[in-house]
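One structure, pasted below without further comment.
The values are calculated or read from the model by the stated rules, or taken from the named source; none is laboratory data. All of these numbers come straight from a predicted model, not from anything done at the bench. Don't worry about glycine lacking a Cβ; one is built from the backbone with ideal geometry, like all the others, and counts go over all protein chains shown.
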Amino acid sequence: MPRICIEASPALQQQAGLGRYTAGLLHGLLELEPQADYALAYNLSRQVEVPRDLAHLPRYAFPHGNKPWRLRNAASYFGALAMDLDFAGSHLYHSTGHLLPRLRTMRTVFTLHDVIPFLFPEHHLWQNKIFFEIMLPRFLRQADAIIAVSRNTKRDALRVLNLPPEKIHVIPEGVDARFAPVTDPQQLAAVRQRYNLPQRFVLTVGTLEPRKNHTMLLHAFGALLAAEPDVVLAIAGKHGWLYRDFLTALENSGLEPHVRLLDRVPDADLPALLSAASVFAFPSLYEGFGLPPLEAMACGAPVLCSTAASLPEVVGEGGWLLNPLTPAEWTRAMQRLLSEPDARQTLIERAHKQAAGFSWRKTAIATRAVYHHLLRSEPERSEGATP
């Protein structure tokens, strides 16, 4: 049975969206084929703990922090030795976290989450931007197959990176079964108390960084307070990069008493927090997929979502899609959901239906088909494997 090695670093390091994807895919694959020969690859950027349900899998662990590991992957494309010996015994390697070592003797799959460094370079730290401008095209040429997490990501990749379309497989992400409506009043009261939230609050989930568009939402929320003075805005997400402009805007807005910065919320609390929210708002300027609104819909939260990029594919009719550059639209939509129970209930019903179309099992089935196709075919190693 061929061994399939899956990059697990994003999951083990609990990296936001990449971690969610990697963990969901791994669990989906193991549910489908519990006896298959899967292995984990990860670098030890810090002390990581392999979850109990993955602890039985073979491991390729590397004693490098994230930056040295990134440089080692890159060096394999510039005269250094290919890294096949590091993954001895594997027949296929799946990159889930934007790094792909140069491999000559095994098949490779690369999950392309987005092309943000090319579309929004101003939203990245300069060193990340330069790295991805140089290396991402090489990783994608090296890969035997590319998984794009949305149709929009595939379109953007074709436009920006000039990739062969037949190499790209669109496989949407899934939603974990734990994201379901929490109706127990005690659980809902406990999560409100834990995060100092009133009965009614607007929730957004996303790392504090410019692309998430928190400053626009802050302006829209400020206008909402004139009609709904008891509502709070809760922002769940760790500090990313270039976040200080938002914190300055918050300090200068006079809205700090009405805003709760929750930092990263543990996964165990998220379903109850999403279920308790009066409105879930997701005004992002660009997403390769967009898990937070999907998870919110699965929990029965009424969702307001940006029209940008892949988000209409994910949300469909399960949420109200709004222009991310027009705060007045968001103010009106939030007020309507807070004041019109019928509109709110209709949206919740649509959300359940839309979210039901996504599962990690579906993601795993489609991904496994890509693996099997590659393992049955002969490798094609040519100039694509070199700079």
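When you go through (1) crowded, with 22+ Cβ neighbours inside 10 Å; (2) in contact with a strand residue (DSSP E or B) (Cβ under 6 Å, 6 or more places away or on another chain) one by one for Ser150, which number turns out not to apply?
All conditions are met except number (2).
Quick one: in the stretch 60-84, of everything that is out of contact with any Ser or Thr (no Cβ under 8 Å at 6 or more places or on another chain) and either aliphatic (A, V, I, L, M) or not assigned by TED's automatic domain parsing to the domain that holds Asn128 (or both), which residue is nearest to Leu100 (Cα to Cα)?
Ala74
Quick check on the stretch 12-35: of everything there that is of a type in the set (A, V, I, L, M, F, W, C) and touching a residue at least 40 places away in the same chain (Cβ under 8 Å), which residue is surrounded by the fewest Cβ atoms within 10 Å (Cβ to Cβ)?
That would be Leu32.
Suppose the filter is at negative phi, crowded, with 24+ Cβ neighbours inside 10 Å and either touching a residue at least 60 places away in the same chain (Cβ under 8 Å) or assigned to a strand (DSSP E or B) (or both); does Trp320 pass it?
Against the criterion (at negative phi, crowded, with 24+ Cβ neighbours inside 10 Å and either touching a residue at least 60 places away in the same chain (Cβ under 8 Å) or assigned to a strand (DSSP E or B) (or both)), Trp320 does not qualify.
Report, by residue number, each residue of the stretch 235-249 that is closer than 21 Å to Gln127 by Cβ and of a type in the set (Ser, Thr, Tyr).
Within the stretch 235-249, Tyr243 is the sole residue that qualifies.
Here is a follow-up. Please go through the stretch 13-32 and give me each residue that is more than 26 Å from Gly240 (Cα to Cα) and basic (Lys, Arg), ordered by number.
Correct list: empty.
Test Met135 against the criterion of being under 25 Å from Ala41 (Cβ atoms) and in contact with a Ser or Thr (Cβ under 9 Å, 6 or more places away or on another chain), and give yes or no.
Values: under 25 Å from Ala41 (Cβ atoms): yes; in contact with a Ser or Thr (Cβ under 9 Å, 6 or more places away or on another chain): no.
Answer is no for this residue.
Please enumerate the residues belonging to the stretch 36-49 that are surrounded by 14 or more Cβ atoms within 10 Å (Cβ to Cβ) and without any contact (Cβ under 8 Å) to a residue 40 or more places away in the chain.
Ala36, Asp37, Tyr38, Leu40, Tyr42, Asn43, Leu44, Ser45, Val48 - these are the residues of the stretch 36-49 that are surrounded by 14 or more Cβ atoms within 10 Å (Cβ to Cβ) and without any contact (Cβ under 8 Å) to a residue 40 or more places away in the chain.
When you look at Pro68, is it surrounded by fewer than 18 Cβ atoms within 10 Å (Cβ to Cβ), over 16 Å from the mean Cα position of the chain (by Cα) and under 25 Å from Ile134 (Cβ atoms), yes or no?
In short, yes.
Okay, residues lined up against (1) under 19 Å from the mean Cα position of the chain (by Cα); (2) in contact (Cβ under 8 Å) with a residue 12 or more places away in the chain:
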residue: Tyr77; (1), (2): no, yes
residue: Leu103; (1), (2): no, yes
residue: Phe118; (1), (2): yes, yes
residue: Ile130; (1), (2): no, no
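Within the group Ala88, Ala55, Ala41, which residue is modelled with pLDDT under 90, over 25 Å from Leu208 (Cα atoms) and assigned by TED's automatic domain parsing to the domain that holds Pro164?
Exactly one residue qualifies, and that residue is Ala55.
Same structure, new question: Select from the stretch 291-308 the residues that are within 14 Å of the chain's Cα centre (by Cα) and more than 22 Å from Leu338 (Cβ to Cβ) and write down the one among them that is surrounded by the fewest Cβ atoms within 10 Å (Cβ to Cβ).
Start the filter on the stretch 291-308 by keeping residues that are within 14 Å of the chain's Cα centre (by Cα), which leaves 291-296.
Those still in the list that are more than 22 Å from Leu338 (Cβ to Cβ) too: 291, 294.
Working: Leu291: 24, Leu294: 28.
Per the stated criteria, the residue is Leu291.
I'd like the residue in the stretch 1-11 that is touching a residue at least 40 places away in the same chain (Cβ under 8 Å) and in contact with an Asp or Glu (Cβ under 8 Å, 6 or more places away or on another chain) and, out of all such residues, is surrounded by the most Cβ atoms within 10 Å (Cβ to Cβ).
Looking at residues that are touching a residue at least 40 places away in the same chain (Cβ under 8 Å) and in contact with an Asp or Glu (Cβ under 8 Å, 6 or more places away or on another chain), I get Ile4.
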